[in-house]
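No value in this document is a laboratory result; all are computed from the given coordinates. This is a predicted model, so every value here is computed, not measured. Here the Cβ positions follow ideal geometry from the backbone for every residue, glycine too, while neighbour counts run over all protein chains shown.
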Amino acid sequence: MKTGEIQKLTVSRISDFGLYLTDGGEGEVLLPNRFAKLDMKEGDEVEVFVYHDSEDRLVASTETPYITVGKVAALKVVDKSVHGAFLDWGLSGKHLFLPNRNQQGAVVAGQLTVVYMYVDDRTGRCVATNKIKPFIYNEEPLTVKVGDEVDVLVASEMPIGYRVVINNRHWAMIYKNQLFRPIHIGDRCRGWVRKITEDMRIDVSLQQQGLAEVESSVVRLEALLTEHGGVLPINDKSDPKDVSRLTGMSKKVFKRALGMLLSKQKVRQTEHGIERIK
């Protein structure tokens, strides 16, 4: 069984303390009673997360953590000590340790910090580090190509944009002139690869490109009309900032999406905005 990962294990025996699980090897791990269902029996397969508890015992949990080994996440700092910080990783009664030696920049109680999780070779325990550069890299072969949809984690802000981690593997940039809605450090969202340069720099957009972008924007515009009772206070003459603030789209994309809805006679423009045709 693998520490720090979600995996399927089999109930090997039942005790007063809970269920003992195995992966078919010699070792067992306890799933405490508070996580076990009453109808579980020997031979049942159960999906669990395996980690060391506060007493350094290897245990299993059916709770889903915010991060697993080899992944990056923005976690809240819940406490600090002389040895390091403790992070909320989604497990009750246990925090993820971020040692002082693994800290870079300000780590403040109550705030988010972007970390990578690994298993310490010496202790076998899950440990966090916010020195994530050694684990996230842009080298051949890249695992993404232009047009791919990717998982985006906003890692830091720069004057020209935001540095992000995509698919827990590569660095990328989202430029501020490509943003049409606010984002913050720690946000997780979908994005699309816009460009990959010869030196492996990756540009990402939070909007799809080309026809796919327009089609998704049409769906978004129709949903906004529904949310606002069939009326929106913007049209093709509106200020681009007003369009961006309300829709999260650029003025150009908004006009193309609006044009499709107008051509299908789903909406009409008025002096003050657009309204759905009933």
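Structural descriptor for segment 1-97: relative contact order 23 percent, calculated from alpha carbon pairs under 8 angstrom and at least 6 residues apart. Modelled label positions at residue 109 and residue 176, each set 7 Å beyond Cα in the direction of Cβ, lie 3.3 nm from each other. Normalised by the number of residues in the chain, the average gap of Cα pairs under 8 Å and 6 or more apart makes the relative contact order 10 percent.
Report summary: the helix-based calculation at 222 nm, which adds -39500 (n - 2.57) for every DSSP H run with n ≥ 4 and divides by the residues of the chain, gives -4500 deg cm²/dmol. Between residue 140 and residue 79, the modelled labels are 5.0 nm apart [label points 7 Å from Cα along Cα→Cβ]. Amide H to amide H distances under 5 Å link residue 138 with 171, where only residues 5 or more positions off or on other chains count and H is placed in the peptide plane. Coupling constants for segment 142-154 follow from the phi torsions by the Karplus curve (6.51 cos²θ - 1.76 cosθ + 1.60, θ = phi - 60°), and in residue order they are 5, 9, 10, 9, 4, x, 5, 7, 9, 7, 10, 10, 6 Hz; glycine and proline get x. Applying 1/(1 + (r/R0)^6) with r as the Cβ-Cβ distance of residue 245 and residue 13 and R0 = 41 angstrom yields a FRET efficiency of 0.10.
Across the chain, the longest run free of exposed loop sites, meaning GluC sites (Glu not before Pro) lying outside DSSP classes H, G, I, E and B with no more than 11 other Cβ atoms within 10 Å, spans 56-138.
Once both labels are positioned 7 Å from their Cα atoms along Cα-to-Cβ, the gap between residue 260 and residue 160 label points is 3.1 nm.
Ordering 10, 24, 40 by Cα displacement along the dipole of segment 6-61 toward the positive end leaves 40 in first place; charges were set at the Cβ atoms of Lys, Arg (+1) and Asp, Glu (-1). The angle separating the long axis of helix 210-227 from the principal Cα axis of greatest extent in the chain is about 90 degrees.
Between segment 76-116 and segment 32-58, the alpha-carbon centres lie 25 Å apart.
The residue 39 and residue 121 beta-carbon pair, evaluated with R₀ = 41 Å, returns a calculated FRET efficiency of approximately 0.55. Stokes-Einstein diffusion for segment 6-61 at 37 °C, viscosity 0.692 mPa s, with a Kirkwood radius from C-alpha pairs, works out to 296 µm²/s. Its Cα gyration tensor gives segment 1-123 an equivalent ellipsoid, and the semi-axes of that ellipsoid, as √(5λ) in whole Å with the largest first, are 30, 14, 12. Using the alpha-carbon atoms, what tilt in degrees (0 to 90, nearest 10) does helix 251-263 show relative to the longest principal axis of the chain? Between helix and principal axis, roughly 70 degrees. Of the trypsin sites (Lys or Arg not before Pro) found in segment 97-159, those that fall in a DSSP loop while having at most 14 other beta-carbon atoms within 10 Å are 122, 131, 145.
Taking Cα Rg over 2.2 N^0.38 Å straight from the coordinates, which label in (i) 0.97; (ii) 1.18; (iii) 1.29 is the correct one? The value matching this structure is (iii).
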